[in-house]
1. If you count, for every residue in A:214-221, the Cβ atoms of partner chains within 10 Å of its Cβ, what is the mean?
2. When you look at the Cβ of every residue in B:52-60, what mean number of other chain Cβ atoms sits within 10 Å?
3. Across the residues of A:10-18, average count of Cβ atoms on other protein chains within 10 Å?
4. How do B:59-66, A:232-239, A:254-261 rank on mean C-beta neighbours within 10 Å, highest first?
5. Checking the table A:170/A:220; A:74/A:250; A:170/A:250 against a 25 Å threshold on Cα-Cα, which pairs fail?
6. Can you order the peptides A:207-217, A:74-84 by their average number of other Cβ atoms within 10 Å per residue, highest first?
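Coordinate-derived values only; no laboratory data. Computed from a predicted model, the values in this text were never measured in an experiment. Here Cβ is always computed from backbone atoms with ideal geometry, including for glycine, and neighbour counts include all displayed protein chains.
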Amino acid sequence: MSIKGELNPLLTAYLTHQRTKTAVVEYFMPELQRNAPKTPEFVKKNIISVDGIIDEGRGSMFMDIAEIMKINGKSVSCVDIANKLSYESYYALMKGKALPAFAALIPQIPLSPIDRLLLSAIMPLVSWSGDSVLEMLGKGIYDKQKISLLENLTLSMEDGRRVYAAAGLKVLAQDYNKEYPTQNMNQQDNNNHPQIVVVYPRAHATRIANYMTSESTFTKAAKSAKQFLYYLPGLDYSYRTYEWKDMLAKAANKPELASWQLTANKKIGPLS
Amino acid sequence: MIGFSETPVHPAREIKKLSPILLSSSEVLRKAKIDFINQPQLESPKLEAFVNDHVRIVCMGNTDITIIDQEHDEHKGRVESTIDCLPHASAN
């Protein structure tokens, strides 16, 4: 595999630090690849072009991160619900995209019945959405500088990713706390504190942190309601942790047997 | 490390045990200086600028959730792999 990426050295320093146990990435290539036979358009749009060449930027950054974690014997985790076509269907639904709806009506395109229904049935209802304009302008839920209280009233699949990323990270941290108990730990003794390094674009990163820590009653109430509203059929509400396994490959002298293995998959539920 | 669970976890129930706390920028910088004290190649002004601009830490119990914002569109990397060259993920 040829990787010519150039991560920021300070990001690399965080990823490779001894405290870092796992890197949480927005997209994990092997996970998308696993879904690729069922989701060619999604994968094509997000990471990989139709002939299999990985796009510069988004694709290469997460490949570079995975490679660094592999070399350093560390895991990669995902908490994002945007990892399969079902998400793309909901996203298209909320943004009022017409093309996927037409695509879903073409029988030659291999889609599951659920995906076909999601893509085709509800498109006429959503042309009101101004979400695309906000995204282009970097405003609203895409603003990189500030978070508006009004966002608490916004429903968008991008927002859904952030709500459930925040929930997933909390559960992941909870599990690391169980694995590395707090007794005899000095708060000043940084080296004993496990670290989860999360890499997301700024508009996502600020809002994920906000959903995790906001003291605003309005935001807390909105987040609780959204966890319920965004809990939709067919999406991955979980944290998934992958580890690079190559012992068998080395023993058999067959490098092609080495792979990223899913070693933890913990479901995250809505409010009940 | 952790294993599998098919039972949905109620996030609110989990969160009650440990409250996430967003660290101040000075505390984030203090942690960075401790973490990278043995890496003089990470020059202090650059480290400070990076931490101030891109790093947030949410502390839960003794675990740090270090959230680093990076725009993938600005990534300088170039990957020439094809799908077939990628490592295959497999679900256990």
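1. Neighbouring Cβ atoms belonging to other protein chains average 0 per residue here.
2. The mean count of partner-chain Cβ atoms within 10 Å per residue comes to 5.
3. Counting Cβ atoms of other protein chains within 10 Å of each residue's Cβ and averaging gives 5.
4. Ranked by mean Cβ neighbours within 10 Å, highest first: B:59-66, A:232-239, A:254-261.
5. Over 25 Å apart, Cα to Cα: A:170/A:250.
6. A:74-84, A:207-217
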